[in-house]
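Enquirer: Quick one: the structure is below, and I'll ask about it shortly.
No lab work stands behind these numbers, since they all come straight from the coordinates. Quantities reported herein were computed from a predicted structural model and do not represent experimental measurements. A quick note on method: Cβ atoms are made from the backbone with ideal geometry, for glycine too, and the neighbour counts reach across all protein chains shown.
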Amino acid sequence: MQALQFKQAVIRALHDAQLQTALDRGTTRGVNHRLAAMSATTDAAALRHQARLARERALNQLPALLEQLERNVLANGGHVLWARDGDELNRLVLELCQKHAVRRVVKGKSMVTEESELNHALAQAGIEVVESDLGEYIIQLAGERPSHIIAPMLHKTKEATAELLHRKLGMPLTDRPEEMVRFVRGVMRTKYLEADMGISGVNFAIAETGTIATVENEGNNRLSTSAPRVHVAVMGIEKVIATWEDYAILVQLLARSATGQQLSVYNNLMTGPRRPDEPDGPDHFYLIILDNGRGRIYQTEYAESLACIRCGACLNACPVYQNIGGHAYGWVYPGPIGSIITPLLRGLTQAPSLPFASSLCGACQSACPVEIAIPDMLLKLRRDLVQSAGNASLGWRLAMLLWRLGMTSPLLYRLGAALAGALTRLLAGRSGTIRQLPPPLNGWTYSRDFPAFSKGTFRERYRRRAQHAALRSHDHEPATSQRTRP
């Protein structure tokens, strides 16, 4: 698994000038748009709290809501299939392709099919599959994985995209995004009409009516699910919600957090296959509900991570993601939420570096529309990794012993601070920063400088400040008269 090579991937990302340009443009735009959209609400904090409660209700009733969803989908004329893992998901889709003589597939954006690598399985079976989302289509042409939950080609600049479309499709070179979109739209139009099956993800599944909701801005998902004669929707078990009222809350937060819109351009609501009196829509509708490790997470202290609505806001806000992008994380889900989900779904030993890919600054939780305690779960995963590793090395145990002694003894703390200050100032010299720390601390200075400690400690500055304040207060005290005895 690529997540095992996280450190090497980080180094490559930090030295990729094109990637750094794309990340600076994309994440800055994402953060600013989200802030503007949230500030346009009458009470953003109350809206986030309501969204949090909606997700909590769904998770607390998850088994019952999934059964209710299944009953209503069946009542609406659809079919429901259950997949334990990615391999079973791929097998079910391939069986449906065989049943309906499918040779061409158009596919809307879907993260769970990225988990199962469905595109690869379809291609191996001789079935043509085309991603209909613009970003996903460009990534498919490039032979790459998405690097962002919402903006799959965030790692690409418009210049690199233009060159790719010119090379792969013969598009005339241009630096105007609207011209690129117009060109790709012309290419895609025939794909919808020729497709035998449309596959989509699911943003929300409303249990009380069996309705499948998708959110998009391009109209590609609507075409992918209505033009072909077969529609297959694929969702993780956590996507179910209880009511339309919950949907009305969550769809607002998804748009504001993901793209900075008050509402997405297309909010598609699908309740079963086409009725006899309806002019368009699929003849057959299938909903595949995937576990793939989610049921295991549901039974642990990390169940809160299943509340994620996949808006990508935590990625944009994260200083780590802003500098390394999504591919360095090594799997489908990057950024802070990916640093939790990937180890939980794939196993701690398959992604041991990801829980540590965070400064714990809290920007992710501040941006999360459903208030997931991401830093807390990252800390717990670090604890689990240490516990699963068994006995730590002698050097690590000695370092932790010295740290504990220093932090519990005021005298040792002051002596340690004085020694560290003198030593770092000696190593820094006149420049004031250390370019190369000695092992085992040299990992820090591999890609950054280390500033020397200040000559004065915080305690010393605080004491002087208090003394000066006391002197000023004494100088301004009014003189008191002496009372004499009669």
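Enquirer: Can you tally the net charge around residue 36? Count Lys and Arg as +1, Asp and Glu as -1, for every other residue whose Cβ sits under 11 Å from the Cβ of residue 36.
Expert: Result for the local shell: +3.
Enquirer: Let me ask something additional. Scan around residue 80 for amide H atoms under 5 Å from its own, H built in the peptide plane at 1.01 Å from N, and keep only partners 5 or more places away or cross-chain.
Expert: Placed amide hydrogens put 287 under 5 Å from residue 80.
Enquirer: Ok, one more. For residue 239, give me every one of the lysines with a C-alpha distance below 28 angstrom, ignoring sequence neighbours fewer than eight places off in its own chain.
Expert: Hits, sequence-local ones excluded: 99, 107, 109, 380.
Enquirer: Along the positive direction of the dipole of the range 2-297 (beta-carbon charges: Lys, Arg +1; Asp, Glu -1; about the Cα centre), which of 215, 172, 265 reaches farthest?
Expert: Of the candidates, 172 comes out farthest on the positive side.
Enquirer: A follow-up question, please. Give the average over all directions of the projected area of the C-alpha convex hull of the range 410-473, one decimal, in nm².
Expert: 5.9 nm²
Enquirer: Find how many whole Å separate the alpha carbon centroid of the range 390-407 from the alpha carbon centroid of the range 171-248.
Expert: 53 Å
Enquirer: How far apart, in nm, are the 7 Å Cα→Cβ label points at residue 389 and residue 301?
Expert: Between residue 389 and residue 301, the label points sit 1.9 nm apart.
Enquirer: Compute the normalised compactness of the range 1-80: alpha-carbon radius of gyration over 2.2 N^0.38 Å, N being the residue count.
Expert: Taking the Cα Rg and dividing by 2.2 N^0.38 Å, one obtains 1.83.
Enquirer: Compute the projected area of the convex hull of the Cα atoms of the range 176-252, averaged over all viewing directions, and report it in nm² to one decimal place.
Expert: Over every viewing direction, the Cα hull of the range 176-252 projects on average to 6.3 nm².
Enquirer: Please state the charge dipole magnitude for the range 410-473, taken about the Cα centre, from unit charges on C-beta atoms (+1 on K and R, -1 on D and E), reported in debye and rounded to the nearest 20.
Expert: Around 360 debye, computed over the range 410-473.
Enquirer: Cα axis of helix 86-99 to longest principal axis of the chain: angle in degrees, 0 to 90, nearest 10?
Expert: Around 20 degrees separate the two axes.
Enquirer: Every cysteine in the chain with no other Cys Cβ under 4.7 Å from its Cβ, please list them in numeric order.
Expert: 97, 308, 311, 318, 361, 368
Enquirer: What net charge do the residues around residue 274 carry, taking every other residue with its C-beta under 12 Å from that of residue 274, with Lys and Arg at +1 and Asp and Glu at -1?
Expert: -2
Enquirer: Kindly rank 462-469, 327-334 from highest to lowest mean number of other beta carbons found within 10 Å of each residue.
Expert: Result, highest mean first: 327-334, 462-469.
Enquirer: Nearest 10 degrees is fine. How inclined is helix 410-428 to the longest principal axis of the chain, computing both from alpha carbons?
Expert: Roughly 80 degrees, rounded to the nearest 10.
Enquirer: How much of the DSSP bridge set in the range 2-297 is antiparallel, in percent, rounded to the nearest 5?
Expert: 25 percent
Enquirer: If we count every other residue with Cβ under 12 angstrom of residue 413's Cβ, Lys/Arg +1 and Asp/Glu -1, where does the sum land?
Expert: +3
Enquirer: Turning to a different aspect of this structure: Out of residues 5 or more away from residue 236 or on other chains, whose amide H comes under 5 Å of its own, with H placed 1.01 Å from N in the peptide plane?
Expert: 290
Enquirer: Then there's this: Relative to the first principal axis of the alpha-carbon coordinates of the chain, what is the inclination of helix 394-408, with its axis defined by its Cα atoms, in degrees from 0 to 90 and to the nearest 10?
Expert: Taking Cα atoms only, the helix is inclined about 60 degrees.
Enquirer: Go through the range 147-164 residue by residue and turn each phi into a ³J(HN,Hα) via Karplus (6.51, -1.76, 1.60, θ = phi - 60°); whole Hz please, and just put x for glycine and proline.
Expert: 10, 8, 5, 9, 10, x, 10, 4, 7, 10, 7, 5, 5, 5, 5, 4, 5, 5
Enquirer: To continue, here is another question. In Å and on Cα atoms, what radius of gyration and Dmax does the range 103-161 show?
Expert: 11.5, 35
Enquirer: I'm a student and want to see the number: the projected area of the Cα convex hull of the range 270-386, averaged over all directions, in nm².
Expert: With every direction weighted equally, the projected area is 9.3 nm².
Enquirer: Also, I was wondering about something else. With +1 on each Lys and Arg Cβ and -1 on each Asp and Glu Cβ, how big is the dipole of the range 2-297 about its Cα centre, in debye rounded to the nearest 20?
Expert: It comes to approximately 440 debye.
Enquirer: In deg cm²/dmol and to the nearest 500, what is the mean residue ellipticity at 222 nm of the chain if only DSSP H runs of at least 4 residues count, each as -39500 (n - 2.57), divided by the residue total?
Expert: That comes out to -16000 deg cm²/dmol.
Enquirer: May I ask for the Rg/Rh ratio of the chain, computed from Cα atoms with Rh as the Kirkwood radius, given to two decimals?
Expert: A ratio of 1.09.
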